[in-house]
1. Arrange the residues Thr91, Thr7 by how much accessible surface each exposes, largest first, with a 1.4 angstrom probe.
2. With a ≥ b ≥ c taken as the square roots of the eigenvalues of the C-alpha gyration tensor of the stretch 39-96, please select rounded if a/c is under 1.5 and otherwise prolate if a/b is larger than b/c or oblate if it is not?
3. If I stretch the segment between Val11 and Leu80 completely, what's the gain in nm (0.36 nm per residue apart, minus their alpha carbon distance), one decimal?
4. Please state the charge dipole magnitude for the chain, taken about the Cα centre, from unit charges on C-beta atoms (+1 on K and R, -1 on D and E), reported in debye and rounded to the nearest 20.
5. Using only C-alpha atoms and all pairs of different ones, pull out the Kirkwood radius for the stretch 26-65 in Å with one decimal.
6. Using a cut-off of 12 Å between beta-carbons, work out the net charge of the residues near Leu67 (Lys and Arg +1, Asp and Glu -1, Leu67 not included).
7. So, in nm, how far is label Cys61 from label Glu20 when the simple model puts each one 7 Å beyond its Cα toward the Cβ?
8. Of Asp45, Asp18, Asp82, which is the most mobile in a GNM of the chain whose springs link Cα atoms less than 10 angstrom apart?
Amino acid sequence: MARVADTARGVAAEIMVDGERVSFHPGETIAAAMLAAGHAAFRRDRHDRPRGLWCNMGTCCECLVLLERNGEVRRVRACLVDAAPGQCVTTRDGAA
């Protein structure tokens, strides 16, 4: 998934996803930023199969990631949380 090139956007910023810098624009969710950067797997299920964005409205929880911000770590649904500078996101793949 790629961003539409000719759309007016605010100034890009960055979050960290599994130690990699991922750019985002104001108003994008963590999930949108991850998908645009090529991160299709957000977590793995108990059978170690990759799981990605499914409903994109916060119902299914397939996009659960760990979010660290200001020293606090919590599990969030990436499709519901806006990306913001200073966020560090870890997927289960990145934690292994």
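The values are calculated or read from the model by the stated rules, or taken from the named source; none is laboratory data. Owing to the predicted nature of the structure, the values given are computational and were not obtained by experimental measurement. Here the Cβ positions follow ideal geometry from the backbone for every residue, glycine too, while neighbour counts run over all protein chains shown. Only protein heavy atoms, including side chains, enter the accessible area calculation; ligands, DNA and RNA are left aside. Shrake-Rupley method; radii C 1.70, N 1.55, O 1.52, S 1.80 Å.
1. Working: Thr91 5, Thr7 65 Å².
Final ranking, largest accessible area leading: Thr7, Thr91.
2. On the way: a/c = 2.15, a/b = 1.31, b/c = 1.64.
Because a/c hits 1.5 or more and a/b fails to exceed b/c, the stretch 39-96 counts as oblate.
3. 22.7 nm
4. 280
5. 10.6
6. Its environment carries a net charge of +1.
7. A separation of 2.7 nm, rounded to one decimal place.
8. Comparing Asp45, Asp18, Asp82 in the GNM, the peak value goes to Asp45.
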